[in-house]
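Remarks on the structure that follows.
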Amino acid sequence: MKTTSTLLLLALSCPVFAVSVNTGGSIVANQGLFTLVSQSVTFNFNDGLLPSANGITYTGATTNVVTGNISSVSAAPPNDTSAYLTIGPTRGASVTITSAYALDYLGFYVGSLDAYNYIDLYMGNSLVAALTGTQIASIGGFSANGDQGRGIYVNIYASGSAEHFDRIVMRSTSNALESDNHAFRAVNRSSTTVVDSPVPEPASALLLIPALLWMARKRASR
């Protein structure tokens with residue numbers, strides 16, 4: 001099932017830059033929403049660990065990945081009974097995601113947004129864009145008041161080469177920023193290095209590559 005997407009060009013704190021942001025994803029039973037963007041790779045945290053694969057590395061605390069609700073600390077995104085990423089003072093106030101290649105797309109499923117949630121995009125040490133929970137919630141048509149019944153899939157696109165990014169900082173000054181099913185797309189993508197998701201972990205998705213190459217050689221030999 002697909003959800004409705006609403007496109008908005010969001011001007012951010014850096015007046016020169018803007019990123020395109022919309023909402024919309026595909027529902028997977030008991031795991032919430034996944035990206036619909038092709039040539040992206042998804043991390044779903046289902047192994048309970050901070051990911052490191054396909055050139056993407058998460059840096060944070062081991063306690064940032066949880067399952068279920070933790071009283072006064074974290075609430076799972078709606079309809080998501082799988083493991084997810086939680087960010088806040090109690091479990092780890094920030095997580096940094098670094099990429100070995102430039103990215104032009106970031107997607108994630110997020111629940112119970114609050115005004116004290118933040119997503120910062122960087123290229124090297126230069127801030128490209130900064131989004132608040134209030135801005136993201138407004139794109140979804142609701143307020144960032146921590147409503148645990150609200151969950152949306154957020155798609156962030158670089159509007160041009162000046163907005164490409166290779167580092168993301170997800171942070172929250174209070175408990176908590178809860179998200180799942182993070183998706184990334186490289187600028188110079190190839191079907192042999194970045195595999196369409198949305199559900200497999202990147203490490204699992206890479207197992208498809210030898211089979212695809214074998215099929216291509218088989219067709220070429222006919």
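The values are calculated or read from the model by the stated rules, or taken from the named source; none is laboratory data. None of these values were measured; they are calculated from a predicted model. Positions of Cβ are backbone-derived with ideal geometry, glycine not excepted, and every protein chain shown enters the neighbour counts.
Being modelled with pLDDT of 50 or more and within 19 Å of ILE168 (Cα to Cα) is the filter; apply it to region 1-33 and report the residue that is surrounded by the most Cβ atoms within 10 Å (Cβ to Cβ). Write out each step before concluding.
As a first pass, look at region 1-33 and keep what is modelled with pLDDT of 50 or more: 17-33.
Now drop any that are not within 19 Å of ILE168 (Cα to Cα), which leaves 17-23.
On the way: PHE17: 19, ALA18: 18, VAL19: 23, SER20: 16, VAL21: 21, ASN22: 20, THR23: 21.
Only one residue tops the list, namely VAL19.
Residue check, LYS218 against (1) farther than 22 Å from SER52 by Cβ; (2) out of contact with any Phe, Trp or Tyr (no Cβ under 8 Å at 6 or more places or on another chain); (3) at pLDDT 95 or above, all met but one. Which one?
Condition not satisfied by LYS218: (3).
Look at region 155-182 and say how many of its residues are outside any strand (DSSP E or B), under 18 Å from ARG91 (Cβ atoms) and of a type in the set (Asp, Glu). Spell out how you get there, then give the answer.
As a first pass, look at region 155-182 and keep what is outside any strand (DSSP E or B): 159-164, 173-176.
Still in the running and under 18 Å from ARG91 (Cβ atoms): 173-176.
Checking the rest, the ones that are also of a type in the set (Asp, Glu) come to none.
Matching residues across region 155-182 total 0.
Here is a check on your reading of the model: is VAL41 in contact (Cβ under 8 Å) with a residue 12 or more places away in the chain, in contact with a helix residue (DSSP H, G or I) (Cβ under 8 Å, 6 or more places away or on another chain) and of a type in the set (A, V, I, L, M, F, W, C)? Break it down stepwise before answering.
Values: in contact (Cβ under 8 Å) with a residue 12 or more places away in the chain: yes; in contact with a helix residue (DSSP H, G or I) (Cβ under 8 Å, 6 or more places away or on another chain): yes; of a type in the set (A, V, I, L, M, F, W, C): yes.
Considered against the rule, which asks whether it is in contact (Cβ under 8 Å) with a residue 12 or more places away in the chain, in contact with a helix residue (DSSP H, G or I) (Cβ under 8 Å, 6 or more places away or on another chain) and of a type in the set (A, V, I, L, M, F, W, C), VAL41 comes out as yes.
Filtering region 173-204 down to residues that are buried (at least 18 other Cβ atoms within 10 Å of the Cβ) and in contact with a helix residue (DSSP H, G or I) (Cβ under 8 Å, 6 or more places away or on another chain), which residue is modelled with the highest pLDDT? Please lay out each step first, then the result.
Here is the first cut: in region 173-204, the ones buried (at least 18 other Cβ atoms within 10 Å of the Cβ) are 175-186, 189, 194-195, 197-198, 201-202.
This time we only want the ones that are in contact with a helix residue (DSSP H, G or I) (Cβ under 8 Å, 6 or more places away or on another chain), so: 177, 195, 197.
On the way: LEU177: 98, VAL195: 36, SER197: 40.
Only one residue tops the list, namely LEU177.
Which strands (runs of 3 or more DSSP E) does region 49-139 wholly contain that include 2 or more residues that are among the β-branched types (Val, Ile, Thr), under 28 Å from GLY149 (Cβ atoms) and free of Cβ contacts under 8 Å to residues at least 40 places away in the same chain? Step through it out loud before you land on a result.
Working: elements: 56-59, 65-67, 83-87, 94-111, 117-123, 126-132.
Per the criteria, 65-67.
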